[in-house]
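So the structure is just underneath, and the comments pick up after that.
The values are calculated or read from the model by the stated rules, or taken from the named source; none is laboratory data. Values in this document were obtained by computation on a predicted structure and should not be read as measured data. Cβ sites come from the backbone with ideal geometry, for glycine too, and all protein chains shown count toward neighbours. Just so you know, the surface numbers come from the protein's heavy atoms only, side chains and all, with ligands and any DNA or RNA stripped out. Shrake-Rupley method; radii C 1.70, N 1.55, O 1.52, S 1.80 Å.
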Amino acid sequence: ELKEIGSVGQRNTGTRVRFWPDEKYFDSVNISHKQLRHLLRAKAVLCPGLRVTLCVAKTGEKEEWQYDQGLEDYLQTELAGIAQLPQKPFTGDMKGTDSEVSWALCWLPEGGQLQESYVNLIPTVQGGTHVNGMRTGMVEAIREFCELHNLLPRGVRLAPDDVWDKIAYILSVKINDPQFSGQTKERLSSRSAASFVSGVAKDAFSLWLNEHVADGQEIARLAIENAQKRMKKSRKVARKKVTQGPALP
């Protein structure tokens with residue numbers, strides 16, 4: 001049930017939403033507070049300036065969210081007290097003919113976890129083609145930056161996981177007729193989203209890196225260290241395989 005608060009001639013102060021699960025369609029009529037809270041907060045994150053309030057009548061619990069700066073404000077709030085690189089998140093917002101993408105991201109050198117993606121305000125907890133596109137664009141931009149500034153040691157090549165490690169991001173995509181995997185829309189499968197997001201992310205991040213060279217070099221250093229650890233680990237595994245086998249007489 002949707003009900004507007006306020007009468008004719010009075011200022012409308014918001015919208016009240018009431019709903020009751022139908023036992024004919026659900027195994028349980030109990031509402032998942034955790035999932036509902038996540039969905040409502042997502043609407044506040046993705047719609048800058050929107051105030052969303054959740055009231056639980058049974059417990060009297062009340063929560064309210066409002067992010068005036070949208071994704072960046074939310075990212076900073078969730079990562080408060082955690083070391084970030086760069087200090088001000090890398091943000092972007094681009095509109096195409098029938099698509100739109102926005103993001104806020106940074107790296108967490110000392111560790112941490114915050115990775116969220118959305119499609120048309122729907123949380124995609126398993127990622128999908130839009131996340132893959134963002135990852136591809138970021139990796140290509142970092143590789144070009146390293147080559148331009150001669151940062152890569154001899155024999156080292158950056159893999160996607162080297163760049164993507166310890167990254168925190170909020171990614172939102174709006175597209176026409178999105179295709180999802182599964183009935184719960186947890187993963188985007190639209191192929192067009194990958195190429196669109198990849199191209200936009202690469203161009204925007206390449207420009208940002210060359211405008212913030214010091215931060216770019218620190219991000220590259222983290223990726224290079226990850227690559228060196230990965231290569232060292234693979235060499236150990238290779239030596240172990242060579243030495244295994246039956247004992248010779």
Select from the stretch 88-115 the residues that are within 16 Å of L222 (Cα to Cα) and out of contact with any strand residue (DSSP E or B) (no Cβ under 8 Å at 6 or more places or on another chain) and write down the one among them that is modelled with the lowest pLDDT.
G111
Counted residues in the stretch 86-114 being free of Cβ contacts under 8 Å to residues at least 60 places away in the same chain and in contact with a Phe, Trp or Tyr (Cβ under 7 Å, 6 or more places away or on another chain) come to 1
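Matching residues to (1) part of a helix (DSSP H, G or I); (2) farther than 17 Å from G137 by Cα; (3) at pLDDT 95 or above:
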| site | (1), (2), (3) |
| --- | --- |
| R154 | no, yes, no |
| R157 | no, no, no |
| L171 | no, no, yes |
| K185 | no, yes, no |
| A193 | yes, no, no |
| K202 | yes, no, yes |
Which one of K185, K166 is open to solvent by 30 Å² or more (accessible area, probe 1.4 Å) and over 26 Å from L108 (Cα atoms)?
K185
Name the one entry in L75, L54 that is more than 18 Å from the chain's Cα centre (by Cα), not aromatic (F, W, Y) and not in a loop (DSSP other than H, G, I, E, B).
L54
Selection count where residues are open to solvent by less than 50 Å² (accessible area, probe 1.4 Å), in a helix (DSSP H, G or I) and not small (G, A, S), scope the stretch 78-137:
4
Please find, within the stretch 2-25, the residue that is most open to solvent (accessible area, probe 1.4 Å) out of those that are farther than 19 Å from K58 by Cα, in a loop (DSSP other than H, G, I, E, B) and at pLDDT below 80.
R11
Positions within the stretch 57-72 being outside any loop (DSSP other than H, G, I, E, B) and either surrounded by fewer than 17 Cβ atoms within 10 Å (Cβ to Cβ) or touching a Leu at 6+ places or on another chain (Cβ under 9 Å) (or both), in sequence order:
E61, K62, E63, E64, W65, L71
